[in-house]
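The values are calculated or read from the model by the stated rules, or taken from the named source; none is laboratory data. Everything numeric here is computed off the predicted structure, so don't read it as measured data. Every residue, glycine as well, gets a Cβ built from its backbone with ideal geometry; the counts of neighbours run over all protein chains shown. Just so you know, the surface numbers come from the protein's heavy atoms only, side chains and all, with ligands and any DNA or RNA stripped out. Shrake-Rupley method; radii C 1.70, N 1.55, O 1.52, S 1.80 Å.
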Amino acid sequence: MWKELNIYDRWMFGVLLLLAASTNTSTGGASIGIGLGTIVLVVQCIRQRRLPRIDKGIGRVILVYVALWGISSVFSLDPRHSFRQLWSEAYRFLPLLFAMLCVKERWQLRWLWLVFALSVFVDDAKAVWQYATFQDLGWGHRATGFNHSPTFLASHMLMAIPVLVFVAGREYMKPMERKFLLVGAVLSFLALIFSGTRGGWLAFLGTAAVYAICDRTYRRKAILVFSSLLLALCLAAACSTSFQTRLVTMTDPSYQSNSERLLMWQSAAEIIRDYPVTGIGMDEFGFAYNTKYISPLAKERAKSPEQYWTGHGHPHNNLLKMFSEGGILGLSAFLILHGYFLWRFLRLWRKECHPFPYGLMAILVLAALQLEGLTDTNMNQVPIMREYWLLAGTVLAAGKMEEGTR
């Protein structure tokens, strides 16, 4: 299998395995993987004297996305900073391209899913241990795993759960591997709960509803499983004071985290009103909010306006961040990009005949991130988007593979 690959595909597949292993455990490892993959791709292009065959639709939509944000960055409050951020945003697409160019056989899929599952398992184990030993990492009794914050952990688990469950149903996975994947999915659910991320909990329930609507075959079983999970949540709430507190605050507008979000959303609306077309520039919300647009009622503030980076850097909402920083151009770019990939996932799902289709799996991953993004900003975070684009590229490569076998 491995020996059948040419030298460039061997190296690139090794890069993909490194990326899969690093998605939940090491931002540095993922950076090394992207760097190595870029080198392999450049050397291959030079030596073979041809560019890689990139999916035309994906190439065009990425160019549109970058071009719209490029125009917005010209009118940014700090054009240099916004263009640097745009470059950082652009190279996050590389895992998507790596996977689509390299993954061509089922054995590659099997190994990628298993290494990804191992990465998730290690992250889960650390998160469960942190919660069980009452470690306070600056967020109270909330687990973070190997991640920067509990919300990052929640985003990773929201992506991992549908992937692990769906891949466990594929015929090329062995019985013991399927059990490992399902155990990983259960641990991921526990890690999601232990993260204490209320938006993540709501996003999980919303994603479960999307699945129940979409999948008629397993709808009853899905409802039974999710009802059992809700019962488990109620039991956990009855046994855990900290968990009870997090649940109660979800509907309390006076709770500081909730009230601060509402004030940030108001400030974002004011920025949109003042800069409706091009916005204030990519990654400029923190500067504008903490120096000019912060509400007098806000309690969570930067140390000083000169140290604006010590305050909130985003409005805790994906759409408001894109709209305030990019205006109509930035919001359009965001909707075009993710709308296009949603369409590709839908089209893939309709072509599949498998009870655990890759297309539906990808739709659930995207839905989970977007639903969580209603109360937090996650679609601009480096480790989250690297994992998302790696999963998206692998899914599209798998779909192309399945289409070729029919």
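Looking for whichever is at pLDDT 95 or above and touching a Lys or Arg at 6+ places or on another chain (Cβ under 9 Å) here; the options are 181, 153, 164. Which one fits?
153
Give the residues of the stretch 239-266 that are under 26 Å from the mean Cα position of the chain (by Cα), among the charged types (D, E, K, R) and modelled with pLDDT under 80, sorted by residue number.
If the condition is that a residue be under 26 Å from the mean Cα position of the chain (by Cα), among the charged types (D, E, K, R) and modelled with pLDDT under 80, then 246 is the only one that fits.
Look at the stretch 3-32 and say how many of its residues are in contact (Cβ under 8 Å) with a residue 40 or more places away in the chain and among the β-branched types (Val, Ile, Thr).
Result for the stretch 3-32: 4.
Out of (1) more than 30 Å from residue 105 (Cα to Cα); (2) surrounded by fewer than 16 Cβ atoms within 10 Å (Cβ to Cβ), what's the single condition that is false for residue 193?
Exception for residue 193: condition (2).
Just need a number here: residues in the stretch 135-160 that are free of Cβ contacts under 8 Å to residues at least 60 places away in the same chain and in a helix (DSSP H, G or I).
Of the residues in that region, 3 qualify.
Write out, first by first residue and then by second, each pair whose Cβ atoms fall under 8 Å of each other, whose residues are 6+ apart or on separate chains, and whose first residue, in the stretch 51-73, is open to solvent by less than 20 Å² (accessible area, probe 1.4 Å) while the second is among the hydrophobic types (A, V, I, L, M, F, W, C) and not in a helix (DSSP H, G or I).
69/282; 72/282; 73/282
Considering (1) at pLDDT 95 or above; (2) within 13 Å of the chain's Cα centre (by Cα); (3) not polar (S, T, N, Q), say which one residue 200 fails and leave the rest.
Failing condition for residue 200: (1).
Tell me yes or no: at least one residue of the stretch 318-330 is part of a helix (DSSP H, G or I), more than 17 Å from the chain's Cα centre (by Cα), small (Gly, Ala, Ser) and surrounded by fewer than 22 Cβ atoms within 10 Å (Cβ to Cβ).
no
Go through 349, 343 for me and flag whichever is under 15 Å from residue 162 (Cβ atoms), more than 14 Å from the chain's Cα centre (by Cα) and not β-branched (Val, Ile, Thr).
Just a single option satisfies the conditions, and that option is 349.
With surrounded by fewer than 16 Cβ atoms within 10 Å (Cβ to Cβ), over 23 Å from residue 196 (Cβ atoms) and in contact with an Asp or Glu (Cβ under 7 Å, 6 or more places away or on another chain) as the only criterion, which of 292, 351 stands out?
351
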